[in-house]
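Remarks on the structure that follows.
The values are calculated or read from the model by the stated rules, or taken from the named source; none is laboratory data. Predicted model only: the values in this text are computed from it and were never measured. Note that we place each Cβ from the backbone using ideal geometry, even for glycine, and neighbour counts take in every protein chain shown. What goes into the accessible areas is simple: the full protein's heavy atoms, side chains included, and nothing from ligands, DNA or RNA. Shrake-Rupley method; radii C 1.70, N 1.55, O 1.52, S 1.80 Å.
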Amino acid sequence: MRDFKVIGLMSGSSLDGVDIAYVNFSHDNKRWFFQIVEAGNVPYSSYWKEQLAEAFNKKPEDLKELDKEYGRYLGTITKRFIEKYELEPKLIASHGHTIFHRPDEGFTLQIGDGQEIAKATGITTVNDFRSEDVMKGGQGAPLVPIGDRHLFADYPICLNIGGIANVSYEYEGKRIAYDICIANQMLNYLANKLGYDYDNNGSFARQGKVNLDLLKAFNDNSYYDKEAPKSLGREFFEKYQHQIIEESSLDVRDILATATEHIASQIVKSTDMLEKSKMLITGGGAKNNYLVERISELSKHEVVIPDTMIIDYKEALIFAFLGTLKMEGKINVLSSVTGATSDSSSGTIHN
């Protein structure tokens, strides 16, 4: 049995901070096992929230500088985490923070310079897990399905609800996965209008009423009828949903209720053709009781909510796994998921 001690770093589009997970992986030549030994979230300061939210509009030279600065920041907080828990990781695997994701135009950008992380921590670092796949004509997303296949094989359907909701499942011998719809990105944007960072437990949405015309406007987008592979970025929210929200004269609670119904119905639409089975829900959306209720009521599948460690840190765990596979020279990005010309052992190694 071989052991791998790895730190995974994840920053999602909902800007709630950096998830850090220290994971012990082991492999017995047949299957992988994991244990999350320590994990935590480092919330973003107002400075970093602003920098990352506005990076979308920055000039290329400013973005290069931010890439390095953010890498130093990730290195600093990781070093603190290691010292606090007296850990001995052999590897750091960092997703970085997505600024642009335009695979159809041949590029994607996650900032957080891996060399700066390696320099700050003195530990080999792998980052930039998406670019190689995009260069091969793939979507560069989702990346989590390889982890779903090897680490969560007991659940035929793996649903993650973060800034974006995505799904992963085995179908006719292949792993299929794709982004379903914008999720917490939209719900948090609406909660901000009420003066909150997010809609705790979906309580504001629960107070609202679903508006059928608004629901139709949300659902009426050709993306939802596209075959996989397909993926979403912040661009989709900015281009379509932001405008729909701003043009609505409804009470924010009604928009929240409608947005929640939209997310639940798109999730159900994406999983309804599969045989009835267990659906594991992770990501921040798994804590939104109202959203989970709506999914449970509309779906034929048995919804499973795991313990909070898995809910909160599954993506950080899986990026740690992607880094491990990269260092082992094994496939970590599946072309059946992304649509690339071939599978990849993706990521850039910094010593």
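Observations on the structure shown:
- Entry note: the range 119-180 has Rg to Rh equal to 1.06, where both radii use alpha-carbon atoms and Rh is the Kirkwood radius.
- Reducing the range 165-205 and the range 84-132 to their Cα centroids gives an inter-centroid distance of 23 Å.
- Coupling constants for the range 96-109 follow from the phi torsions by the Karplus curve (6.51 cos²θ - 1.76 cosθ + 1.60, θ = phi - 60°), and in residue order they are x, 10, 6, 9, 10, 9, 10, x, 5, 9, x, 8, 8, 9 Hz; glycine and proline get x.
- Neighbours of residue 311, meaning other residues whose beta-carbon lies under 14 angstrom from its beta-carbon, give a summed charge of -3 when Lys and Arg score +1 and Asp and Glu score -1.
- Spherically averaged projected area in nm², based on the convex hull that wraps the Cα atoms of the range 1-112: 8.7
- Long-range amide H partners of residue 178 with built H, under 5 Å: 167
- Note that the range 7-20 has calculated 3J(HN,Hα) couplings of 9, x, 10, 9, 10, x, 5, 7, 6, 8, x, 9, 8, 10 Hz, one per residue in order, obtained from phi through the Karplus relation 6.51 cos²θ - 1.76 cosθ + 1.60 (θ = phi - 60°); glycine and proline are x.
- Å² of accessible area per residue within the chain, as computed with a 1.4 Å probe and no ligands counted: 44
- The Cα center of the range 24-69 and the Cα center of the range 215-244 differ in position by 25 Å.
- Net charge over other residues, Cβ less than 13 angstrom from the Cβ of residue 28 (K, R count +1; D, E count -1): +2
- Taking a sphere under 10 Å around the Cβ of residue 146 and counting the other residues whose Cβ falls inside, with K and R at +1 and D and E at -1, yields a net charge of +1.
- Phi angles across the range 155-167 convert, under the Karplus curve 6.51 cos²θ - 1.76 cosθ + 1.60 with θ = phi - 60°, into 3J(HN,Hα) values of 10, x, 10, 10, 10, 10, 10, x, x, 10, 8, 9, 10 Hz, Gly and Pro given as x.
- Near residue 91, the amide H atoms lying under 5 Å from its own belong to 7; only residues 5 or more places off or on other chains count, and H is placed 1.01 Å from N.
- Cross-link pairs beyond the 25 Å C-alpha cut-off, checked among 136/269; 84/119; 174/278; 68/230; 84/314: 136/269; 68/230
- Accessible surface, 1.4 Å probe, highest first, among residues 337, 304: 304, 337
- Under a Gaussian network description of the chain, with springs only between Cα atoms under 10 Å, the residue in 257, 217, 205 that fluctuates furthest is 217.
- Available extension along the chain between residue 100 and residue 88 is 1.0 nm, counting 0.36 nm per residue and deducting the alpha carbon span.
- Theoretical FRET efficiency, 1/(1+(r/R0)^6), r = Cβ-Cβ of residue 293 and residue 31, R0 30 Å, to 0.05: 0.30
- Distance from the range 245-275 to the range 282-351 (C-alpha centre basis), Å: 22
- Estimated FRET transfer efficiency when R0 is 25 angstrom, pair residue 68-residue 331 (beta carbons, to 0.05): 0.25
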